[in-house]
Amino acid sequence: MQTLLDGYRKFRADTWPEKRRVFEELAEKGQKPKALVLGCVDSRANPGVIFSAGPGELLVARNVANFIPAYGSAAMCYGTAAAVEFGVRVLEIPNILVLGHQKCGGVSALLNGVPDTAQEFVAPWMAAAEEARRRAAEEQDPDRRQLLAEQEVIKLSLANLAGFPWIAERITDGRLRLSGAWFSIYSGTLSLLQEDGSFRDIV
């Protein structure tokens, strides 16, 4: 807790004086973020840091392995789905980005088995991403298999998002765009999902 309080004091001393008017305007006029980022809870892959985002610029929802189950499925996470619905149907955000990352613990659990201490919620959650595991399973090299599975979870999440009726409608009429990206913790590079299914580094 002391670390959090120290961080708050630094915010008040350094950030608040510079950003005070921005916060006041956001409080008075409300938010209008340009993108919803669906990321992982991993502390090393913070969307606000990666995209140098200021207050009010990004709507962020995070869960284990940045995974979005299919619309109407038993595995649907209402917390994440509610964040998506709020961003798309209320705030009318024009962009959704699914952001995966290197060395994802949730994806590792998907590939290698969930620890005994995380069977209650993590196990059934990651089981819903079985299709991504199957797509990467034939790769023999463990590191390469991990990378492929991380990227396949991104693709599966995007496909599942496109199955939300009100998302599909907005994609069709051009009001909403879905994108995928993968972040390397080690190198700090971001790779964007291309139309051919590959990921290309941003230069």
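The values are calculated or read from the model by the stated rules, or taken from the named source; none is laboratory data. Here the structure is a predicted model, which means the values were calculated and not measured. Here the Cβ positions follow ideal geometry from the backbone for every residue, glycine too, while neighbour counts run over all protein chains shown.
Side notes on the structure shown:
Let's see how each residue does on (1) free of Cβ contacts under 8 Å to residues at least 24 places away in the same chain; (2) in the same structural domain as GLU130 (by TED's automatic domain parsing); (3) under 14 Å from CYS40 (Cα atoms):
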site: ALA53; (1), (2), (3): yes, yes, no
site: LEU59; (1), (2), (3): no, yes, yes
site: GLY72; (1), (2), (3): yes, yes, no
site: ALA75; (1), (2), (3): no, yes, no
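- Given (1) in the same structural domain as LEU99 (by TED's automatic domain parsing); (2) at pLDDT below 95, number of the condition PHE11 does not satisfy: (1)
- Options ILE185, ILE96, ILE171: the member that is more than 19 Å from PRO47 (Cβ to Cβ) and of a type in the set (A, V, I, L, M): ILE171
- The set of residues in the stretch 78-107 being assigned to a loop (DSSP other than H, G, I, E, B) and buried (at least 18 other Cβ atoms within 10 Å of the Cβ) consists of ILE93, GLN102, CYS104.
- Residues (out of contact with any Phe, Trp or Tyr (no Cβ under 8 Å at 6 or more places or on another chain), among the hydrophobic types (A, V, I, L, M, F, W, C) and either surrounded by 14 or more Cβ atoms within 10 Å (Cβ to Cβ) or under 27 Å from VAL122 (Cβ atoms) (or both)) located in the stretch 23-56: LEU26, ALA35, LEU36, LEU38, CYS40, VAL41, VAL49, PHE51, ALA53
- Filter result for the condition that a residue is within 27 Å of ALA168 (Cβ to Cβ) and surrounded by 17 or more Cβ atoms within 10 Å (Cβ to Cβ), over ALA70, ALA74: ALA70
- Members of the stretch 64-86 found to be under 11 Å from SER157 (Cα atoms) and out of contact with any Ser or Thr (no Cβ under 8 Å at 6 or more places or on another chain), listed by number: ALA65, PRO69, ALA70, TYR71
- Being closer than 25 Å to ALA82 by Cα and charged (D, E, K, R) is not true of GLU195.
- When every residue of the stretch 34-56 is checked against the conditions, at least one turns out to be on the phi > 0 side of the Ramachandran plot, in contact with a helix residue (DSSP H, G or I) (Cβ under 8 Å, 6 or more places away or on another chain) and small (Gly, Ala, Ser).
- Total residues in the stretch 50-75 satisfying the condition of being closer than 21 Å to GLN151 by Cα and of a type outside the set (Lys, Arg): the figure is 14.
- Condition check for TRP182: of a type outside the set (Ser, Thr, Tyr), more than 18 Å from the chain's Cα centre (by Cα) and modelled with pLDDT of 95 or more: no
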